[in-house]
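Engineer: First the structure, then my questions, so here it is.
Where a number appears in this text, it was derived from the coordinates with a stated rule and is not lab data. Since the structure is predicted, the reported quantities are computational estimates derived from the model, not experimental observations. Because the Cβ atoms are built from the backbone with ideal geometry, glycine has one as well, and the counts that use them run over all protein chains shown.
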Amino acid sequence: MSGSISKTQNTSPNDGWKNEIVERIEISRIKFKYEDKDRLVLDNLSGSIDPQRITFVVGENGAGKSTLFKLMFGEIKPQSGEISITTAKGKYDSLQGLAAFVPQNVDLYSDTLRNNLTFSEPMSDEIVYRALEESGAAEIVSNLDNGLDTFISDPSIFSPGELRRIAIARALLTSQNLILMDEPFSDIDESNQVKLMNTLRKLNKDIGFIIITHTFNLVKKEDCFFALGGKAYGEKKLL
């Protein structure tokens with residue numbers, strides 16, 4: 001995995017946030033296939049996710065894990081079935097504005113690290129550094145010559161693990177109580193995988209995580225998992 005530089009700034013994380021806590025996610029009889037494919041990626045998928053815990057989304061390659069995330073954020077629509085998101089204020093059909101997302105490939109744009117973290121929204125150093133501490137990224141910033149004001153022209157100055165921690169800090173600064181993560185442990189050595197997972201477990205007292213992963217050594221038997229391809233897939237891998 002490597003990061004990439006975007007010349008244009010991303011949408012502000014404060015645009016469209018609903019500031020509501022997601023209480024339940026229900027997936028009901030979802031069928032989905034891409035227009036250029038004959039095979040259904042998801043066929044009658046049903047289940048529920050507790051968004052206040054750590055849930056690992058597991059399945060073989062091509063089982064539809066990333067597709068499920070796109071459906072949950074409303075980026076694509078199923079041929080049939082529905083996704084229901086429950087908050088204290090009502091129900092929604094997607095997580096748009098209700099959850100932050102940490103992609104597998106972390107994008108940075110050509111600007112200071114501060115603006116990459118805050119999307120140029122005004123935030124105090126105290127708030128930014130709190131997110132960096134919680135994500136385990138504070139030391140990364142302290143090693144930069146100009147700290148938060150370091151201009152990022154090449155993201156390769158950061159390792160894959162460092163980029164993920166920066167992305168987690170950015171997600172924390174959205175103040176959302178749910179974060180979805182796509183393969184956060186790929187391209188990271190085992191020691192840093194464990195450190196990152198320990199960070200997520202500490203944050204889980206206030207924030208829920210839904211994590212796509214193939215890294216079963218980090219999953220505990222008491223963790224939740226959502227298995228595509230049947231529950232037996234996850235149980236087999238956890239043995």
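Engineer: Please report the antiparallel percentage of DSSP beta bridges with both residues in the chain, rounded to the nearest 5. All intermediate terms of the calculation are to be shown ahead of the outcome.
Structural biologist: Numbers: 18 of 37 bridges.
Roughly 50 percent of the DSSP beta bridges within the chain come out antiparallel.
Engineer: Based on DSSP H runs of at least 4 residues, each adding -39500 (n - 2.57), what is the mean residue ellipticity at 222 nm of the chain after dividing by all its residues, to the nearest 500 deg cm²/dmol?
Structural biologist: Here the helix-only value at 222 nm equals -8000 deg cm²/dmol.
Engineer: Still on this structure, I have one more. Say each of LYS195 and SER110 gets a label point 7 Å from the Cα, pointing the same way as Cα to Cβ; how far apart are those two points in nm?
Structural biologist: So the two model labels end up 3.1 nm from each other.
Engineer: In Å and from the alpha-carbon atoms only, list the Rg and Dmax of region 111-175.
Structural biologist: 10.5, 28
Engineer: Let me ask something else about it. Any idea what the alpha-carbon Rg over 2.2 N^0.38 Å comes to for the chain? Walk me through the numbers before you get to the answer.
Structural biologist: Numbers: Rg = 17.9 Å, N = 239, 2.2 N^0.38 = 17.6 Å.
That ratio works out to 1.02.
Engineer: Under a 5 Å amide H to amide H cut-off, with H placed in plane at 1.01 Å, what residues pair with PHE101 once short-range neighbours are removed?
Structural biologist: So PHE101 has HN proximity to LEU180.
Engineer: Apply the Karplus parameterisation 6.51 cos²θ - 1.76 cosθ + 1.60, with θ equal to phi minus 60°, to every residue of region 63-78 and state each ³J(HN,Hα) to the nearest whole Hz, in sequence, with x for glycine and proline.
Structural biologist: 6, x, 5, 5, 4, 4, 4, 4, 5, 5, 8, x, 6, 9, 10, x
Engineer: Follow-up. Can you give the Rg and Dmax of region 133-239 based on its C-alpha atoms, in angstrom?
Structural biologist: 15.4, 50
Engineer: Amide H of ALA63: which non-local residues (sequence gap of 5 or more, or other chain) have their own amide H closer than 5 Å, using H built in the peptide plane?
Structural biologist: The answer is none.
Engineer: Nearest 0.05, what FRET efficiency do SER48 and ASP125 give at R0 = 41 Å with Cβ-Cβ as r?
Structural biologist: Working: r = 40 Å, r/R0 = 0.98.
So, using R0 = 41 Å, E works out to roughly 0.55.
Engineer: How do 39-47, 61-69, 156-164 rank on mean C-beta neighbours within 10 Å, highest first?
Structural biologist: Working: 39-47: 15.0, 61-69: 18.1, 156-164: 20.0.
Descending mean neighbour count gives 156-164, 61-69, 39-47.
Engineer: Report, by chain and number, residues whose modeled amide H sits under 5 Å from the one on TYR109, excluding near sequence neighbours (fewer than 5 apart, same chain).
Structural biologist: Under 5 Å from the amide H of TYR109 lie the amide H atoms of SER6, each far enough along the sequence or on another chain.
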